[in-house]
Amino acid sequence: MQKVQTPESKLNEMGFMLPEIRPAVGNYVGCVRVGNLLFTAGQGVDEYHGKLGKDVSIENGYKAARQSMLNLLSVVKQELGDLNKVKRVVKLLGFVNSTEDFIDQPKVMNGASDLLVDVFGEKGKHARSAVGMAQLPNNTTIEIEMILEIEE
């Protein structure tokens, strides 16, 4: 009989560990539950700084998006206790620190989207927006918000 993999075991198999939760930089909480939906606050990254199209390559932007998603999954796990309680990833909103002429925000955001599909399979497929921003807090390369449907 084949053992069912959990999202956490899939992450470990892929060589990823969920990081410690980053402290909020303002007066807000990391996530809010409303019914069977979980809304996260935006999560940036400490590892990547600067603008896509100037300081940061698309490849490193992709890695930054993946790290941002790992940060978000840490928040979700703390709230739910278990990533198996995620029924569906509903939507991502990605803010990419970009130069005025950079147009490949979707390629950068694939770092987050690919990770979710690898970890959650079909229920990791989601709607998404990827937008360029003139600046982000602490000059982080990316910030991502997520909406999840969760087990009640």
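Considering region 24-77 alone, what residues qualify as being part of a helix (DSSP H, G or I), among the β-branched types (Val, Ile, Thr) and surrounded by 21 or more Cβ atoms within 10 Å (Cβ to Cβ)?
Val76
Could you please find all residues in region 123-152 being within 17 Å of Leu11 (Cβ to Cβ) and either assigned to a loop (DSSP other than H, G, I, E, B) or free of Cβ contacts under 8 Å to residues at least 12 places away in the same chain (or both)?
Going through region 123-152, the residues within 17 Å of Leu11 (Cβ to Cβ) turn out to be 123-124, 144, 146, 148.
If the condition is that a residue be within 17 Å of Leu11 (Cβ to Cβ) and either assigned to a loop (DSSP other than H, G, I, E, B) or free of Cβ contacts under 8 Å to residues at least 12 places away in the same chain (or both), then no residue fits.
Go through region 33-59 residue by residue and tally those that are more than 11 Å from Asn139 (Cβ to Cβ) and more than 17 Å from the chain's Cα centre (by Cα).
Adding up the residues that qualify gives 8.
Out of Asp104, Asp114, Asp82, report the one residue that is surrounded by fewer than 20 Cβ atoms within 10 Å (Cβ to Cβ) and touching a strand residue (DSSP E or B) at 6+ places or on another chain (Cβ under 9 Å).
Asp104 is the lone residue from the list that is surrounded by fewer than 20 Cβ atoms within 10 Å (Cβ to Cβ) and touching a strand residue (DSSP E or B) at 6+ places or on another chain (Cβ under 9 Å).
Of all the residues that make up region 11-23, how many are surrounded by fewer than 17 Cβ atoms within 10 Å (Cβ to Cβ) and either in contact with a Phe, Trp or Tyr (Cβ under 7 Å, 6 or more places away or on another chain) or outside any loop (DSSP other than H, G, I, E, B) (or both)?
So the count comes out to 2.
Looking only at region 48-71, which residues are touching a helix residue (DSSP H, G or I) at 6+ places or on another chain (Cβ under 6 Å) and either of a type in the set (A, V, I, L, M) or modelled with pLDDT under 95 (or both)?
Correct list: Leu52, Ile58, Ala65, Met69.
Inspect all residues belonging to region 10-30 and state whether any of them is modelled with pLDDT under 95 and under 18 Å from Met133 (Cβ atoms).
yes
I'd like the full set of residues that are touching a residue at least 40 places away in the same chain (Cβ under 8 Å) and either in a helix (DSSP H, G or I) or closer than 18 Å to Ala24 by Cα (or both), limited to region 95-112.
Hits for region 95-112 are Phe95, Gln105, Lys107, Val108, Met109, Asn110, Gly111, Ala112.
Please find, among Ser68, Ser57, Ser74, the residue that is polar (S, T, N, Q) and more than 20 Å from Pro7 (Cβ to Cβ).
Details: Ser68 fails: more than 20 Å from Pro7 (Cβ to Cβ); Ser74 fails: more than 20 Å from Pro7 (Cβ to Cβ).
Result: Ser57 is the single residue among Ser68, Ser57, Ser74 that is polar (S, T, N, Q) and more than 20 Å from Pro7 (Cβ to Cβ).
The values are calculated or read from the model by the stated rules, or taken from the named source; none is laboratory data. Because the structure is predicted, anything quoted here is derived from the model rather than measured. So basically every Cβ, Gly included, is an ideal-geometry build from the backbone, and we count neighbours across all protein chains shown.
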